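The values are calculated or read from the model by the stated rules, or taken from the named source; none is laboratory data. In this text the structure is predicted, and so the values were computed from the model without any measurement. Every residue, glycine among them, receives a Cβ derived from its backbone with ideal geometry; neighbour counts consider all protein chains shown.
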Amino acid sequence: IDIFNYSYGYSTCQIAAISSSLLNALEVGARTARDGLGAIYVKAAGNDYSGTQSECSGGNKDFYYFGNSNFDQENATPYTIIVGASTSSGVSADYSSPGANLWITAPGGEMDETSTSQEGLISTDLTGCAKGYSKSNSQFSFENGSHSLNKNCNYTSTLEGTSFAS
């Protein structure tokens, strides 16, 4: 394997330490894999631009925090490429965790929960209008089988996140 994609993370309202064994594994892979060219590790920055304290530790739901992808120490190594998310318009997605460790920002989508015509990023979905994200009862015209380009509900435009961007 040449490229690894890590789409997981920890809430960025508190520091999440990296284990020394994982740090060592990343370093060894980055230096020695692919016959010395090194493996590439891509990791999602996180979807914690802001949130309530209750999302972190069951604390006060009225207390807001602003996330930072540097708080996840797995995102703060020189061996990982950290990816933030942008909208289809190219602006930073309102959920994407900021941080000095971001190497790149890529399209990650952004849902408009109030709209009935979704204009997000497109991805494959489970086949048919009974499974997956695209279903015949969806409020979005692209998702419910009524759109000419998605009559069989084989695609979805409702995914979003830095994992999607990664």
query: List, please: which pairs have Cβ atoms under 7 Å, are six or more places apart or on different chains, and start with a residue in the stretch 14-26 that is in contact (Cβ under 8 Å) with a residue 12 or more places away in the chain and end with one that is of a type in the set (A, V, I, L, M, F, W, C)?
result: Q14/C56; Q14/F71; I15/F71; A16/F71
statement: Picking from G84, G99, the residue that is modelled with pLDDT of 90 or more and assigned to a loop (DSSP other than H, G, I, E, B) would be G99
query: Which residue out of N137, N150 is assigned to a loop (DSSP other than H, G, I, E, B) and modelled with pLDDT of 90 or more?
result: N150
task: Return yes or no: is G38 part of a loop (DSSP other than H, G, I, E, B), farther than 19 Å from Y8 by Cα and at pLDDT 80 or above?
output: yes
field: Failed item, numbered, when S115 is tested on (1) surrounded by 18 or more Cβ atoms within 10 Å (Cβ to Cβ); (2) farther than 22 Å from N5 by Cα; (3) at pLDDT below 85
entry: (1)
